[in-house]
Amino acid sequence: MSIFSKLRDKIFGKKTDSVPTPPLKPIDISVIDTIPVPPPPTPLVDVEAVLAGMAKANPQKLNWRTSIVDLMKLLGMESSLAERRELADELGFTGDKKDTATMNMWLHKQVMRKFAENGGTVPADLLD
């Protein structure tokens, strides 16, 4: 499992594998009322609210809004340099991984963008 997947699952919960539905058989059009309706879309997750709630319950004062290290700590994940470099590789960082300040800022923005791409609502100030 990728590092980002672990981060995402901490916010969104684990995705369950859906049971495949058998193919539909042709039906008589006169019974149109019996056609199954697709389920409603998955509700969006308020990422900021989830993280703020976790921060409130955490005894440490973590600056998850700007720090990838603190965000990872808040989510109960390893935040070592090696782990962050692996996450940077996974998310496509092309800069110098020895410039950890730049890499960390990029990682935080990318993780927030990825949360938004995966169905989370993320405030604009956390995406810029």
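What follows is calculated from the coordinates using simple rules that are stated; it is not laboratory data. Computed from a predicted structure; not experimentally measured. Using ideal geometry, Cβ is built from the backbone for each residue, glycine included, and neighbour counts are taken over all protein chains shown.
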How large is ³J(HN,Hα), in whole Hz, for each residue of the stretch 107-117 in order, when computed from phi with the Karplus curve 6.51 cos²θ - 1.76 cosθ + 1.60 and θ = phi - 60°, using x for Gly and Pro?
-> 4, 4, 4, 5, 4, 5, 4, 5, 4, 5, 5
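Kindly identify the stretch 41-128 as rounded, prolate or oblate by the Cα gyration tensor criterion: order the square roots of the eigenvalues as a ≥ b ≥ c, call it rounded if a/c is under 1.5, otherwise compare a/b with b/c, prolate if a/b is larger, else oblate. Mind showing how you got there, number by number?
Details: a/c = 1.99, a/b = 1.29, b/c = 1.54.
Oblate, because a/c is 1.5 or more while a/b does not exceed b/c.
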Sequence order, the stretch 81-88: Karplus ³J(HN,Hα) from phi using 6.51 cos²θ - 1.76 cosθ + 1.60, θ = phi - 60°, Hz rounded, Gly and Pro as x, gives 4, 4, 5, 5, 5, 5, 4, 4
Work through the residues other than E48 whose Cβ is under 11 Å from its Cβ and net out their charges, Lys, Arg +1 and Asp, Glu -1.
-> -1
If amide H atoms are built 1.01 Å from N in the plane of the peptide, which residues on other chains or at least 5 residues away come under 5 Å of the amide H of D46?
-> T121
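By how many nm would the segment from A82 to R65 grow when fully extended, if each residue of separation counts as 0.36 nm and the alpha-carbon distance is taken off? Walk me through the numbers before you get to the answer.
Values: separation 17, 0.36 × 17 = 6.12 nm, distance 2.14 nm.
Result: 4.0 nm gained on full extension.
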Considering the zone a paramagnetic label at T100 would reach in this model (a point 7 Å from Cα along the Cα-to-Cβ line), which residues of the stretch 54-80 have amide N under 15 Å from it?
-> 67-73, 78-80
For the table K61/K109; K14/K61; K56/K109; K14/K97, the rows whose alpha-carbon distance is greater than 24 Å are K14/K61; K14/K97
Length gained, R113-K56, 0.36 nm per residue minus C-alpha separation, equals 18.2 nm
